[in-house]
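Here's the structure we're looking at; comments come further down.
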Amino acid sequence: MATTAVHRVFNFAAGPAVLPLPVLEEIQRDLIALPGVHMSVLEISHRSKAFESILAQAEADIRTLGGVPANYKVLFLQGGASTQFSMVPMNLLDAGATADYIDCGSWAEKAIKEAKKIGTVNVAASTKAENYGRLPRQSELRLTPGAAYVHVTSNNTIEGTEYKTLPDTGTVPLVNDTSSDMFSRPIDVARHGLIYAGAQKNMGPAGLTIVIVREDLLQRSVAKKAALPTMFNYAVHAENSSLYNTPPAFAVYATGLVMKWILQQGGLTAMAAVNERKGGKLYAEIDRTGYYRGTAAREDRSLMNVTFRLGTEELEKQFIKESTAAGLDGLKGHRAVGGMRASIYNAFPEDGVDALVSFMRDFEQKNG
Ligand code: PMP
């Protein structure tokens, strides 16, 4: 059991999710008065020097971690990744143009539904008929020449699939929903036109959405200034350094602390090595005897969300009940797919994975 001064369970939740303990401790220590500021981060003005420097440092650390090129803006927005399902087409999909979407998971399907309200969408490939158990291959993509962009979801949180190699879209900008794998491994920002992520898995608490957008694409937003609601226009947020309105100050602060923590761990290459080890241990246990069944195609397995099933729903219910009682919390799969899902993001401790593996062995021995 992970212990600090207080009792903490192993939190396998898909998001909001476990945060690094040193980050929580720093938040706790400084909550009443930020050092040198003498006010709580919950109280300071977003126009204050103190907050400006918190925001600037968070951006600088995101740029360092992600190797974000100078011709990309980093935006701190609200409304979750779900709002990006609308903002992306509102800003990037001009009348008369087509946006290609890869239907690779339940969140991609939601993104498609929203984009269709805005403009013309071509579903370039779909694995919905296979319950999104695998990712569409490059050879299956029916891409539109000269499309406005191609939208993909790099990690499918619900189904537990994750792209090892991003689709090749040629010169068409790639738009990537990285909500559940951003900063769990190195990312080639330059291959993207736009990247977005709700912060509440690997990056920080809920309430903050990070958007990284190539500057030339912002021109499409500039052209739509009169037509688009102001708050939905990327260019407005870029021109105002994410301070057009009140940003989620606490979430920005906490995310900044998580970025510092990732840097201290050695950055994204080091994070990826730990994540590969954690995921490797869990998949090895799933594959050990055939008692458990991984639901994602092996070559597409996610290191963030590990999905697996048991022989019967009865056994699955029993597994969830007993694992919860053993301090392994949040293993119930998404209601759309059932079974179990272990979300093991950056901050999820390796001894929590070890604890789950030994629980799985015991459970099999008793019930197999
Ligand atoms: N995309 C993906 C891949 C997700 O995992 C989620 C949330 N679980 C969303 C989008 C929706 O994010 P939000 O709740 O921040 O709107």
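The values are calculated or read from the model by the stated rules, or taken from the named source; none is laboratory data. A quick note: this is a predicted structure, and the numbers were derived from the prediction, not measured. Cβ coordinates were reconstructed from backbone atoms using ideal geometry, including for glycine residues, and neighbour counts include every protein chain displayed. The area values use the complete protein model at the heavy-atom level, side chains included, leaving out ligands, DNA and RNA. Shrake-Rupley method; radii C 1.70, N 1.55, O 1.52, S 1.80 Å.
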(message) How far apart, in nanometres, would the label points at LYS164 and LEU24 be if each is projected 7 angstrom from Cα along the Cα-to-Cβ direction?
(response) 3.4
(message) Taking every alpha carbon pair in the stretch 196-238, what does the distance histogram look like in 10 angstrom bins from 0, in percent?
(response) 28, 41, 27, 4
(message) Under a crude label model (7 Å from the Cα following the beta-carbon direction), how far is ALA129 from ALA226 in nanometres?
(response) 4.6
(request) Please list the radius of gyration and Dmax for the chain, considering alpha-carbon atoms only, with Å as the unit. (result) 20.9, 66
(request) Would you kindly state how much longer the chain becomes between VAL6 and THR269 on full extension, computed as 0.36 nm times their sequence separation minus their alpha carbon distance, in nm to one decimal? (result) 91.5 nm
(request) Can you tell me the FRET efficiency between ASP287 and GLU239 if r is taken as the Cβ-Cβ distance and R0 is 51 Å, rounded to the nearest 0.05? (result) 0.50
(request) Report the net charge of residues surrounding VAL74, where surrounding means a beta-carbon distance below 13 angstrom and charges are Lys +1, Arg +1, Asp -1, Glu -1. (result) 0
(request) Mind listing the long-range amide H neighbours of ASN122? Cut-off is under 5 Å, sequence gap 5 or more, other chains count too, H placed in the peptide plane at 1.01 Å from N. (result) ALA99, ASP100, TYR101
(request) Please sort 302-315, 80-93 by packing, taking for each peptide the average over its residues of neighbouring beta carbons within 10 angstrom, highest first. (result) 80-93, 302-315
(message) At a threshold of 8 angstrom on Cα-Cα distance, excluding pairs fewer than six apart, so keeping six or more, what relative contact order does the stretch 266-367 reach in percent?
(response) 28
(message) Just the number please: accessible area per residue for the chain, 1.4 Å probe, all protein chains included, in Å².
(response) 42
(message) Just to confirm my numbers, what's the Cα centroid distance between the stretch 197-227 and the stretch 48-106 in Å?
(response) 2
(request) Work out the FRET efficiency for LYS117 and THR246 from their Cβ-Cβ distance, taking R0 = 25 Å, and round it to the nearest 0.05. (result) 0.35
(request) Normalising by the residue count of the stretch 96-145, find the relative contact order in percent from Cα pairs under 8 Å and 6+ residues apart. (result) 42
(request) Choose one of GLN57, ALA70, HIS46: the residue whose Cα lies farthest towards the positive end of the charge dipole of the stretch 1-81 (beta-carbon charges +1 Lys, Arg; -1 Asp, Glu; about the Cα centre). (result) ALA70
(request) Over the Cα atoms of the stretch 266-367, compute the convex hull volume and normalise it per residue, giving Å³. (result) 101
(message) Please list, ordered by chain and number, the residues whose modelled amide H lies under 5 Å from the amide H of LYS332; skip anything fewer than 5 residues away on the same chain.
(response) ARG341
(request) Over the chain, calculate the relative contact order: mean separation of alpha carbon pairs under 8 Å at least 6 apart, over the residue count, as a percent. (result) 23
(request) Calculate one ³J(HN,Hα) per residue across the stretch 67-75 by plugging θ = phi - 60° into the Karplus curve 6.51 cos²θ - 1.76 cosθ + 1.60, and present them in order as whole Hz with x for glycine and proline. (result) x, 6, x, 4, 8, 10, 9, 10, 10
(request) Take peptides 181-188, 140-147 and line them up by average Cβ neighbours within 10 Å, highest first, as a rough protection proxy. (result) 181-188, 140-147
(message) Test of understanding: in a Gaussian network model of the chain with alpha carbons linked when under 10 Å, which of SER242, SER40, SER154 would top the mean-square fluctuation ranking?
(response) SER40
(request) For the stretch 155-169, just list the computed ³J(HN,Hα) in residue order, Karplus coefficients 6.51, -1.76 and 1.60, θ = phi - 60°, integers in Hz, with x standing in for Gly and Pro. (result) 9, 9, 4, 7, 8, x, 10, 8, 5, 7, 10, 5, x, 8, 10
(message) Through the Karplus equation 6.51 cos²θ - 1.76 cosθ + 1.60, θ set to phi - 60°, convert the phi angles of the stretch 271-277 into ³J(HN,Hα) values in whole Hz; use x for Gly and Pro.
(response) 4, 4, 5, 5, 5, 5, 5
(request) Express the carbon and sulfur contribution to the solvent-accessible surface of the chain as a percent, rounded to the nearest whole number, probe 1.4 angstrom. (result) 54
